[in-house]
1. Return only the number of the condition from (1) buried (at least 18 other Cβ atoms within 10 Å of the Cβ); (2) closer than 20 Å to residue 156 by Cβ that residue 238 does not satisfy.
2. Identify, please: which residue in the range 71-120 is acidic (Asp, Glu) and in a helix (DSSP H, G or I) and is, among those, farthest from residue 235 (Cα to Cα)?
3. Check whether at least one residue in the range 197-217 is among the small types (Gly, Ala, Ser), over 26 Å from residue 115 (Cβ atoms) and in a strand (DSSP E or B), and report yes or no.
4. Yes or no: residue 247 surrounded by 17 or more Cβ atoms within 10 Å (Cβ to Cβ), more than 17 Å from the chain's Cα centre (by Cα), not polar (S, T, N, Q) and not assigned by TED's automatic domain parsing to the domain that holds residue 133?
5. Given the condition part of a loop (DSSP other than H, G, I, E, B) and exposed (fewer than 14 other Cβ atoms within 10 Å of the Cβ), answer yes or no: does some residue in the range 160-174 qualify?
6. Taking the stated definitions as given, is residue 22 at pLDDT below 95 and within 21 Å of the chain's Cα centre (by Cα)?
7. Can you go through 221, 187 and tell me which one is hydrophobic (A, V, I, L, M, F, W, C), in contact with an Asp or Glu (Cβ under 9 Å, 6 or more places away or on another chain), surrounded by 18 or more Cβ atoms within 10 Å (Cβ to Cβ) and farther than 28 Å from residue 113 by Cα?
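The values are calculated or read from the model by the stated rules, or taken from the named source; none is laboratory data. Bear in mind the structure is a predicted one, so any value in this text is a computation, not a measurement. Glycine gets a Cβ as well: all are built from the backbone with ideal geometry, and neighbour counts include every protein chain shown.
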Amino acid sequence: MRVKTNTSGGIRRALVWRLALAGLALACAPMPAPNLGTQALPLRVGISPDYPPLAFRHDGTVAGIEPDFARLAAAELGRRPEFVELAWDALIPSLEARRIDVIMSGMSITPEREAHVLFTTPYMGIGQLALIRRADVARLGSADAIRRPGARVGYVRDTTGAEFVRGELGRAESYAFDSVEDGLRSLRGGRIEYFVHDAPTAWRVALAPNEDELMGLYTPLTREHLAWAVAKDDTVLKQELDTILDAWRAHNRLGPILDRWIPVRVSLRD
């Protein structure tokens, strides 16, 4: 998506990561919105639907983890979900201008974003991972190889992957891309050696059917938390959403939605 913390080199901790089986999200129909009637107050949800399995377009509608959450949360608020599709860099300005009520788009908590928005409690932990070509695994597959001087590392602009590369890989040759697809093309073509992006992207690409060229390095480069964002002064909506999240955790309603879109778990160590 997209708080940045350094991994601890001396402590080895087991992490549970959910690996998306490619194509599963596209095979799942989006959760239907509740029928609250046209008079219900809309919950205007800002979303950038280019981040499967968290948020993407399928059969003319938005689908994925965040849209499912949005439909459920709106129902519990007695409101009608209204998805406002925006470019990623327009989400926070639109929230500040009150053109939307909440951002639900796979956004991770960072200090820079906290200066502009109010985050709910997180609903999932992720991190940045690197993709490489399978043919390069002997040369590039160790955990520290990405930190060597001159490593050619790509990332998408305005993401936490970009922050990681700029902040932690100062000796690398870095390449900024406008989209995941542009970065992957460059990786496949050999212009870059690593492509750094959020874990769900790495899972989706590496496990795609017939993907025999690229692979993921599942040592997490950062620790991040995904959450929803409301306007800085909208403490009422934040409290309402936090209450909903607390109830979902208590009654195990988060797990089934996450498992629906990211069903396979693999234990990793850093």
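1. Going through the list (1) buried (at least 18 other Cβ atoms within 10 Å of the Cβ); (2) closer than 20 Å to residue 156 by Cβ, residue 238 breaks only (2).
2. 89
3. Taking every residue of the range 197-217 in turn, at least one turns out to be among the small types (Gly, Ala, Ser), over 26 Å from residue 115 (Cβ atoms) and in a strand (DSSP E or B).
4. Taking the combined requirement at face value, the residue does not satisfy it.
5. Yes, there is a match, as at least one residue in the range 160-174 is part of a loop (DSSP other than H, G, I, E, B) and exposed (fewer than 14 other Cβ atoms within 10 Å of the Cβ).
6. yes
7. 187
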